[in-house]
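Notes for the one structure printed next.
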Amino acid sequence: GAEAGTAPDTTAALALYHKADVRFANARTIRAGFEQTLISPISRTPRVSRGEMLQRPPSRFAFRFTDPAGAAVVADGEALWVYLPSSAKRQVLKLPREVGGAFDVVARLLANPGDKNQVRVVPEADMVGGERVRLYSLTPRGAGAPFVSARVWIGADALVRQIEIEEPGGLRRRLRFSNMRLGANLPRNAFVFTVPAGVRIIDQAALMGGGVRRP
């Protein structure tokens, strides 16, 4: 189970975490606005981007950016498409779908609390967007996790308000969500990536034989 004392407040906080796990595990769809902040260990200058997150678990999701406009990360169930025209003009990466797990951070962090990750309740009160939330600190129990450490902020309605992960290379990624809805209707083409005219596909899925090679 999760690491914690037996104080009533801690027990209530862990119950909220488990409720969030169940809510997301049973969600047919997930839709939310997001603000992403990336902090590189080299530059230290935060890079902020915004857009909408759409998910149909277990294998389809899309991060469609409004700032920078046109950028997208889309898992269509067969492959992962990464299109970042502001940094890689005229090309889109097509990656094996297994790589998408690194982006599907909400489900990955909440799944099997206390099993894959050691979950600790942070006792200090915290706020996200002017709202009181509970804060949890996660440490992977085994090797090979896509993050070194993580923090999850959960509202009283058992919806995730914010997550922050530190990746093995030192990159810190924070996602703050707004207007999150479980079971929301999604656009018909939510998980379709249409390659823009003049954009070349860098097909790493084919290079890897359709799957990630394990050492």
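Tabulated data
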{"quantity": "Number of positions in segment 131-156 that are farther than 13 Å from Pro168 by Cβ, open to solvent by less than 70 Å² (accessible area, probe 1.4 Å) and part of a loop (DSSP other than H, G, I, E, B)", "calculated": "2"}
{"quantity": "Only one of Arg64, Arg31 that is assigned to a strand (DSSP E or B), more than 20 Å from Gly129 (Cβ to Cβ) and open to solvent by 20 Å² or more (accessible area, probe 1.4 Å)", "calculated": "Arg64"}
{"quantity": "Count of segment 29-70 residues which are over 12 Å from the mean Cα position of the chain (by Cα), closer than 16 Å to Leu175 by Cα and among the small types (Gly, Ala, Ser)", "calculated": "4"}
{"quantity": "Ser87 in a loop (DSSP other than H, G, I, E, B) and within 23 Å of Val195 (Cα to Cα)", "calculated": "yes"}
{"quantity": "So Pro96, is it of a type outside the set (D, E, K, R), touching a residue at least 60 places away in the same chain (Cβ under 8 Å), open to solvent by 50 Å² or more (accessible area, probe 1.4 Å) and in contact with a Gly (Cβ under 7 Å, 6 or more places away or on another chain)", "calculated": "no"}
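The values are calculated or read from the model by the stated rules, or taken from the named source; none is laboratory data. Owing to the predicted nature of the structure, the values given are computational and were not obtained by experimental measurement. Cβ: placed from backbone, ideal geometry, glycine included. Neighbour counts: every protein chain shown. Side chains included, ligands, DNA and RNA excluded: accessible areas come from the protein's heavy atoms. Shrake-Rupley method; radii C 1.70, N 1.55, O 1.52, S 1.80 Å.
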